[in-house]
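Shown next, in structure tokens, is the structure this report addresses.
The values are calculated or read from the model by the stated rules, or taken from the named source; none is laboratory data. In this text, all values refer to a predicted model and were calculated from it rather than measured experimentally. A quick note on method: Cβ atoms are made from the backbone with ideal geometry, for glycine too, and the neighbour counts reach across all protein chains shown. With ligands, DNA and RNA removed, areas are computed over all heavy atoms of the protein, side chains included. Shrake-Rupley method; radii C 1.70, N 1.55, O 1.52, S 1.80 Å.
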Amino acid sequence: MPHFGLIDEENMTEEEVLLMRARLHLRSGRRRLNEGKFPDGVVTLYDAVYSAMQWAALTAEWWRKCRDGDSNELLCDETRLHDLLVQNHILPESLAFQDLLRLKDLAVRDDLPVLDRRDLLNRVEAIMTALGVLPFDENALPPEAPGTY
């Protein structure tokens, strides 16, 4: 994965790790799609969005109010987490995440249909902007490791 060896998790908070992971995976997912590596690109972009959703929840004031025995379970359930972000007006209600989840499942099964790369990137970037992950300076990220190509 694009973050291996690039994140010093020992010296970062959980929130910092999730934000860095989201940004690294967004960068790598864009590159992979541009190189025609559609299944890898879709899975990487999905992970970027999921990490961003987890980061957004952990850093939100309303999350502290819903922290109970179920909060860690919520972080591990992308559909429930997405719904919670929509309910708390962090994400607009749209089908973009559900479409990405469906594409990720198809990519994992190596059954991905022909994609409109630009449309997919626009949808992912809209989610990342709504979550507060975009914009960011890609030059501030550590350089990609050759093993992540």
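Could you state the accessible area per residue of the stretch 86-149 in Å², with a 1.4 Å probe and every protein chain left in place?
The answer is 62 Å² per residue.
Grab the DSSP H runs of the chain that are 4 residues or longer, score each as -39,500 (n - 2.57), total them, divide by all residues and round the 222 nm result to the nearest 500 deg cm²/dmol.
It lands at -19500 deg cm²/dmol.
Ignoring ligands, DNA and RNA, what percent of the 1.4 Å accessible area of the chain is carbon and sulfur?
50 percent
Given a Förster radius of 25 Å and the C-beta distance between residue 119 and residue 79 as r, what FRET efficiency does 1/(1 + (r/R0)^6) yield to the nearest 0.05?
Step by step, r from the Cβ atoms, then E = 0.65.
So what does residue 119 come to for accessible area, using a 1.4 Å probe and Å² rounded to 10?
Number for this one is 70 Å².
Between beta-carbons, use under 12 Å as the cut-off and find the net charge around residue 98, counting Lys and Arg +1, Asp and Glu -1.
Once all neighbours under 12 Å are counted, the net charge is -2.
Just reorder 20, 128 by solvent-accessible area, largest first, 1.4 Å probe, all chains present.
20, 128
Using a Förster distance of 22 angstrom, determine the FRET efficiency expected from the C-beta separation of residue 134 and residue 88, and round it to 0.05.
0.70
Would you kindly find the accessible area of residue 37, with a 1.4 Å probe and non-protein molecules such as ligands, DNA and RNA excluded, rounding to the nearest 10 Å²?
70 Å²
Rule-of-thumb check for the chain: C-alpha Rg over 2.2 N^0.38 Å?
1.02
For the chain, set up a Gaussian network in which alpha carbons nearer than 10 Å are linked by springs, and say which option among 60, 22, 130 fluctuates the most.
The residue with the greatest mean-square fluctuation here is 60.
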